1. From largest accessible area down, sort 74, 82; use a 1.4 Å probe on the protein chains.
2. Over the stretch 1-101, what is the mean sequence separation of C-alpha contacts under 8 Å (at least six apart), divided by residue count, expressed as relative contact order in percent?
3. Sort 155, 6 by accessible area with a 1.4 Å probe, largest first.
4. Taking only protein heavy atoms and a 1.4 Å probe, what accessible area per residue, in Å², does the chain have with all protein chains in place?
5. GNM, the chain, Cα, under 10 Å: largest mean-square fluctuation among 73, 185, 24?
6. Over the chain, calculate the relative contact order: mean separation of alpha carbon pairs under 8 Å at least 6 apart, over the residue count, as a percent.
7. Per-residue accessible area for residue 55 at 1.4 Å probe radius, Å² rounded to 10?
8. For a test of understanding, tell me how many lysine pairs in the stretch 3-118 have Cα atoms under 24 Å apart, given they are 8 or more places apart or on different chains.
Amino acid sequence: MFAVLKTGGKQYKVQSGDVLRVEKLAVAAGETIQFNEILMVGSTVGAPLVAGAGVQAEVIDQIKGEKLINFVKRRRKHSSKRTKGHRQQLTLLRITDILETGADASGVKAAIGASLARKEAHGSGAPAAPKAAAAAAGADDLKLLSGVGPALEKKLHAAGVTSFAQVAAWTEADVEEFGEKLSFKGRIEREGWIDQAKALAK
């Protein structure tokens, strides 16, 4: 079975076992991540996304692409030329699993582009509303968790957290990571999100 996923503004047709180079993601080698923007799975075509579908992958390494040379020479101007080199930052992945349904309850870390992660860390703008709305389609009402308002719910959706089951499955490392990401450090344990999420997910 194959799937078509979207990341970094590009679309990739993948199947289990494929090795893929995508624009840099905010992940470390050895991590397992999940792509939630799935345009097609097998014969199912999304409108625009396939609800509940996901593609999981193992991060092999952070690499750089081939060097691209940009040479500019201007005629009729003596010694007017410029040479610039560029190597694109990439993430090397191995596709491990394609989920037709239930991806929103898998608890696997969502794949986030490095540029988006930097913007969130520096507070320089929220993700585009249409993307957040698409991610939130069919999601649980996370505002039922203590201390979560509309703004924090949007941040959770942007980070790929859309269900109580995902929060209930968080490990200590996840709690620390999301505490930093959401500027909510220490309060996740104090507010008791995981226990609340377990009760609400039933």
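The values are calculated or read from the model by the stated rules, or taken from the named source; none is laboratory data. The structure displayed is predicted, hence computed values, not measured ones. All Cβ positions, even for glycine, are placed from backbone atoms using ideal geometry, and neighbour counts span all protein chains on display. Areas reflect the complete protein model, heavy atoms only, side chains present, ligands, DNA and RNA absent. Shrake-Rupley method; radii C 1.70, N 1.55, O 1.52, S 1.80 Å.
1. In descending accessible area the options line up as 82, 74.
2. About 34 percent, as a whole number.
3. Correct descending sequence by accessible area is 155, 6.
4. Per-residue value: 59 Å².
5. 73
6. Working: 369 pairs, mean separation 38.7, N = 202.
Dividing the mean separation by the residue count of the chain yields 19 percent.
7. Looks like 0 Å² after rounding.
8. Close lysine pairs under the 24 Å cut-off: 20.
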